[in-house]
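Student: Below you'll find the structure I mean.
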Amino acid sequence: MKTRMRSSGQALYQADLLAPSDGTFIGRAARQHGTGPAASESRSDPGPVVKRLQTDHAAIMDCRDNLAFMQPLLSESMNLIVTSPPYNIGKSYENRSTLADYVKAQTQVISECVRLLSPSGSLCWQTGNHVSRGEIFPLDMVLYPVFQEFGLKLRNRIIWHFEHGLHCTKRLSGRYETILWLTKSDDYTFILDPIRVPSKYPGKKHRCV
């Protein structure tokens, strides 16, 4: 899941979360001028509510380039990786490039994520649309063949809907992003009950496969 941290300058940073099998939570905070996502605005509010981890868990935060952070870590040591990389739209924390170069750079990151995932691990990749000259390129669709090349299996394409953002004048405003939930094998963890929605038609028998 995405976490947020507050620096002494009140700037909000977004972090990637890796969950190793030993119970330690590792976050890689992305600098605003670095390669990962970050909030560009400053706020004067007290900040987000922080939920403390159980005492049997450790949390490690490290602010540096994502590849430099991941490369020293042990292979197949992560049960879960959740990340939201830049969308290549020219934000202050990224260098805009051609779409082909963007995919090439993200392929390097995906390769490291696959290396780190345990055989039963999951990767959640949140992304949006790359926009160029008024045309949108859904990055989950652009990157899906890359995930397939690494043998990952798509379990869900989750839509995150929100009600804020820029207002478009020549197309419908973008009010959603997607999260690709991918697994390394058919042996993975899925716990439905915490997010289960009550049945609209109780007693109806139909099973999704």
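Student: Report the net charge of residues surrounding residue 153, where surrounding means a beta-carbon distance below 9 angstrom and charges are Lys +1, Arg +1, Asp -1, Glu -1. Walk me through the numbers before you get to the answer.
Tutor: Details: positive: 155, 184; negative: 186.
Its environment carries a net charge of +1.
Student: Ok, one more. Arranged by the count of other C-beta atoms within 10 angstrom, fewest first, what order do 137, 190 take?
Tutor: Details: 137 14, 190 9.
By the 10 Å Cβ count, ascending, the order reads 190, 137.
Student: A further question on this structure: Projected onto the charge dipole of segment 99-183 (+1 at Lys/Arg Cβ, -1 at Asp/Glu Cβ, origin at the Cα centre), which of 107, 178, 152 gives the Cα projection farthest towards the positive end?
Tutor: The Cα lying farthest towards the positive end belongs to 178.
Student: To continue, here is another question. What full-extension length gain, to one decimal in nm, is calculated for residue 192 and residue 158 as 0.36 nm per residue of separation minus the Cα-Cα distance?
Tutor: Numbers: separation 34, 0.36 × 34 = 12.24 nm, distance 1.42 nm.
Once the chain is fully extended between residue 192 and residue 158, it gains 10.8 nm.
Student: Got a sec? How would 204, 184, 104 order by Cβ neighbour count within 10 Å, fewest to most?
Tutor: 204, 104, 184
Student: Apply the Karplus parameterisation 6.51 cos²θ - 1.76 cosθ + 1.60, with θ equal to phi minus 60°, to every residue of segment 180-190 and state each ³J(HN,Hα) to the nearest whole Hz, in sequence, with x for glycine and proline.
Tutor: 3J(HN,Hα) across segment 180-190, in whole Hz: 8, 9, 10, 10, 7, 8, 7, 9, 9, 9, 9.
Student: I would also like to ask the following. How high is the FRET efficiency between residue 108 and residue 175 when r is their beta carbon distance and R₀ equals 22 Å, given to the nearest 0.05?
Tutor: On the way: r = 31 Å, r/R0 = 1.39.
Working from the Cβ atoms, E equals 0.10.
Student: Please give the contour-minus-distance gain from residue 100 to residue 150: 0.36 nm per residue of separation, less the Cα-Cα distance, rounded to one decimal in nm. Walk me through the numbers on the way to the answer.
Tutor: On the way: separation 50, 0.36 × 50 = 18.00 nm, distance 1.80 nm.
Stretched fully, the residue 100-residue 150 segment lengthens by 16.2 nm.
Student: So for the pair residue 167, residue 141, with labels modelled 7 Å out along Cα→Cβ, what separation do we get in nm?
Tutor: 2.7
No lab work stands behind these numbers, since they all come straight from the coordinates. Everything numeric in this text was worked out from a predicted model, so none of it was measured. Neighbour counts run over all protein chains shown; Cβ positions are idealised from the backbone, glycine included.
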